[in-house]
1. Quick check on the chain: what does the Kirkwood estimate of hydrodynamic radius come out to from the alpha carbon pairs, in Å?
2. Quick one: net charge around residue 201, please, counting Lys, Arg +1 and Asp, Glu -1 for every other residue with C-beta under 15 Å from its C-beta.
3. Neighbouring Cβ atoms within 10 Å as the yardstick, rank 140, 284 fewest first.
4. Order by neighbour count: 256, 136, fewest other Cβ atoms within 10 Å first, most last.
5. At 7 Å along the Cα-to-beta-carbon direction for both residue 23 and residue 197, put a label point, then send me their distance in nm to one decimal.
6. May I ask for log10 I(q)/I(0) of segment 194-327 at q = 0.10, 0.17 Å⁻¹, from a Debye sum over the Cα atoms as equal point scatterers with solvent left out?
7. Starting from the Cα-Cα distance between residue 65 and residue 205, subtract it from 0.36 nm times their residue separation and give me the gain in nm to one decimal.
8. 5 Å is the cut-off here: which amide hydrogens, built 1.01 Å from N in the peptide plane, fall below it relative to residue 137, excluding neighbours closer than 5 in sequence?
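FYI, it's all coordinate maths here, none of it is from the lab. Everything numeric in this text was worked out from a predicted model, so none of it was measured. Cβ: placed from backbone, ideal geometry, glycine included. Neighbour counts: every protein chain shown.
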Amino acid sequence: MPAASAFEREAEQIPSLLAQQADQIGARLAPLVARLDQRDPTLFATIARGSSENAAAFARYAVSLQLGLPAAPLPPSIASVYARTLRMERALVLAISQSGASPDVALAARAARAGGALCVGLLNEAGSALGQELDIEIPMGAGPERAVAASKTFVLSVTAALHLIAAWGRDEGLRSALAALPESLVRCGAEDWTVAARALTGCAQVLVVGRGPALPIAQELALKLGEVAGLHARAHSAAELLHGPISIASHATPAIVFAGDRRGHDSVVDAVTHLRAAGAAVVMLAPEAIDTASDQLIQVPAAQHDLLQPLVALYAAYRFLAQLARERGRDPDHPPHLEKATRTR
């Protein structure tokens with residue numbers, strides 16, 4: 001039995017870190033919420049790269065769904081390459097970064113503030129270049145992360161954004177669900193991933209499918225399949241799948257599908273029907289059986305809020321990703337050609 005990788009050990013820390021975050025983040029968010037109440041932003045925008053961009057995309061979904069605000073990404077190159085300052089007087093801009101070291105993200109935050117935005121950052125390292133460009137910095141509290149592939153920094157950046165949304169919207173249901181999330185994650189680990197391993201054996205690429213808030217989490221799983229296990233993976237919306245990507249589904253290209261919430265259920269079922277018709281093996285990640293007569297189901301613990309369910313499924317997959325990497329002759333902690341802190345311009 002090989003020793004656990006740093007990727008696995010850091011993932012195991014997540015439930016306890018989430019409990020600490022829930023205890024501490026309220027006091028840190030209170031001054032920000034007071035400013036938001038006074039400012040009343042009409043736009044939510046994000047700045048991020050890599051896994052942090054997947055967390056930012058999830059935050060955009062959550063802000064629009066829970067708070068009714070339009071949300072959009074700010075490509076860092078607008079500022080760093082093209083030196084353009086946008087008009088953002090009524091915007092809240094959220095920058096997310098593990099290291100805060102990438103120059104283009106820092107320049108984008110500086111430009112957002114110059115354009116009039118209130119610029120807030122979720123960071124894991126103090127004293128960074130990005131931190132110097134922010135109005136308010138909120139520590140995500142993940143602690144040192146050694147593995148190149150992010151696990152705890154990704155999950156804690158997502159939950160930090162959700163704590164902000166819950167505090168800003170006075171959403172006690174979401175706040176209560178976040179407090180209960182560590183318990184759901186602790187119950188992960190009993191899942192049988194044999195069907196997923198069988199589906200992925202010998203394949204060179206895999207489709208990952210989600211809908212709504214599950215899509216950014218599907219994008220993060222696709223990124224991890226590439227980083228950790230060396231599989232070419234692309235994530236697609238269950239709706240967008242039928243606008244082109246379904247053409248590559250086949251016996252040689254399996255699909256991992258996030259079951260989605262009640263409102264996205266029909267489109268996910270429709271996507272699964274088309275994937276099966278194309279001959280693709282379908283592995284469904286779900287808290288309960290949903291139209292699974294022909295699916296290969298991996299049942300994960302239930303969360304207390306629809307927004308949190310895809311996150312539970314991703315967490316449950318972390319151990320499997322490390323095992324898959326070893327079976328494919330890779331070191332989960334050292335993906336080829338990657339470094340922990342990436343600096344782009």
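1. 20.4
2. Once all neighbours under 15 Å are counted, the net charge is +3.
3. Working: 140 27, 284 24.
Taking fewest neighbouring Cβ atoms as first place, the list is 284, 140.
4. Working: 256 27, 136 13.
Fewest to most other Cβ atoms nearby, the residues stand as 136, 256.
5. About 3.7 nm separates the two model spin labels.
6. -0.26, -0.81
7. Full extension from residue 65 to residue 205 adds 47.2 nm.
8. Long-range HN contacts for residue 137: 121.
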